[in-house]
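Structure first, commentary second.
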Amino acid sequence: MAYNTLEVTKDGKVCIIKLARPKALNALSNELTMELASALEKLDKDDNVHCVILTGSEKAFAAGADIKELQDGTFLSMYDHDVFALYWESVARFRKPILAAVAGYALGGGCEIAMMCDFIIAADNAKFGQPEINLGVMPGAGGTQRLTKAVGKAKAMDMCLSGRMMNAEEAERAGLVSQIVPLDELMETALTTAKKIAHQSLPITMMTKEAVNTSFETSLSQGIRFERRLFQAMFSTEDQKEGMAAFAEKRTPHFKNK
Ligand code: DAK
């Protein structure tokens, strides 16, 4: 399907979604937001897709919500037409592995969407920030929560209150990104990583993701109990038998996603 604001391509079992509003630094307009949600809904049902990469341009992953669309909003228009909560969260709700490949600016809603992905690979020119304070508002799509969980209170407060940006090195040191690579290696690294994930058993990667995400929602003992049940349940899959048999037989496993 063709989109106005996204370029969607496939490479084997990996799907790459590129945000494509370059003139507006990929500002997250209503149209882009709805197209992203619709693309993810289709990919969720596509059995041939096992992993998704969300990326932008070399200059901007996304410079935030489209301020020009937001500026005349009222409390009621925001409340009634809750496009952000409904559609942006589609990234967080996506059940298959999804990683963000971030180059350039990831600001405001752009930073929030990157943080909704399972992890972030950053180019060395990446800049992360929650600059909403400069606009007379605050982060509204999880920034105050996910950033705090990722980098801790001191840096999250600093960024949300001062609006300053974090470069790639600081983001990696703080635990916001999993690795930094040179800009011209970003997509190659993201694709190699995504293919590695896509090669695993899909139900097992999905359950693993669910278990890690559960750590944000529950106490340690509940999380550990949940992990143990999923671990035990995995022994009812053909892929567990295949994975362990392949190890014992010194061969590569061939997962059937069953
Ligand atoms: N929105 C609209 N247009 C944007 C934009 C944005 N966020 N960011 C950049 N652009 C546009 C610029 O207006 C400019 O357009 P033209 O003037 O050429 O028409 C073009 O992109 C190039 O931008 P610049 O000329 O500014 O480029 P520079 O390299 O000089 O600067 C910059 C790059 C990223 C530092 C700068 O553009 C900038 O500061 N951008 C704004 C960053 C920002 O404040 N982001 C936060 C947006 S607020 C909600 C939940 C969440 C949210 C909203 C609602 N609800 C639950 C209801 C989220 C809010 C946000 O994200």
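The values are calculated or read from the model by the stated rules, or taken from the named source; none is laboratory data. Computed from a predicted model, the values in this text were never measured in an experiment. Ideal geometry is used to build each Cβ from the backbone, glycine not excepted, and the neighbour counts take in all protein chains shown.
Is it the case, given these coordinates, that MET159 is of a type in the set (A, V, I, L, M), in contact with a Leu (Cβ under 8 Å, 6 or more places away or on another chain) and more than 16 Å from ALA114 (Cβ to Cβ)? Reasoning before the result, please.
On the way: of a type in the set (A, V, I, L, M): yes; in contact with a Leu (Cβ under 8 Å, 6 or more places away or on another chain): yes; more than 16 Å from ALA114 (Cβ to Cβ): no.
Spelling it out, it is not the case that MET159 is of a type in the set (A, V, I, L, M), in contact with a Leu (Cβ under 8 Å, 6 or more places away or on another chain) and more than 16 Å from ALA114 (Cβ to Cβ).
Could you tell me whether ASN125 is on the phi < 0 side of the Ramachandran plot and either within 10 Å of the ligand (Cβ to nearest atom) or not in a loop (DSSP other than H, G, I, E, B) (or both)?
Working: on the phi < 0 side of the Ramachandran plot: yes; either within 10 Å of the ligand (Cβ to nearest atom) or not in a loop (DSSP other than H, G, I, E, B) (or both): no.
No.
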Seminar exercise, completed: Of (1) closer than 27 Å to ALA123 by Cα; (2) free of Cβ contacts under 8 Å to residues at least 60 places away in the same chain, ALA194 fails just (2)
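Which helices (runs of 4 or more DSSP H) sit wholly inside segment 22-120 and have at least 1 residues that are in contact with a helix residue (DSSP H, G or I) (Cβ under 7 Å, 6 or more places away or on another chain) and within 11 Å of the ligand (Cβ to nearest atom)? Full working, then the answer.
Numbers: elements: 30-45, 67-70, 75-80, 89-93, 109-116.
By residue number, 30-45, 67-70, 109-116.
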Exercise. Out of all the residues in segment 235-258, which are hydrophobic (A, V, I, L, M, F, W, C) and surrounded by fewer than 16 Cβ atoms within 10 Å (Cβ to Cβ)?
Worked result: PHE235, MET244, ALA245, ALA246, PHE247, ALA248
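Take the residues of segment 80-124 that are among the β-branched types (Val, Ile, Thr) and at pLDDT 95 or above: which is nearest to GLY143 (Cα to Cα)? Lay out the reasoning, then the answer.
To start, the set of residues in segment 80-124 that are among the β-branched types (Val, Ile, Thr) comprises 83, 91, 98, 102, 113, 120-121.
Now narrow it down to the ones that are at pLDDT 95 or above: 91, 98, 102, 113, 120-121.
On the way: VAL91: 14, ILE98: 18, VAL102: 16, ILE113: 9, ILE120: 15, ILE121: 18 Å.
The qualifying residue nearest to GLY143 (Cα to Cα) is ILE113.
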Exercise. Limited to segment 101-118, what total is found for residues that are under 9 Å from the mean Cα position of the chain (by Cα), over 16 Å from THR33 (Cα atoms) and small (Gly, Ala, Ser)?
Worked result: 1
Seminar exercise, completed: Contact list, first residue from segment 75-96 and among the small types (Gly, Ala, Ser), second anywhere and at pLDDT 85 or above and near the ligand (Cβ under 10 Å from one of its atoms), beta-carbon distance below 8 Å, six or more apart or interchain, is ALA85/ALA141; ALA92/GLY142
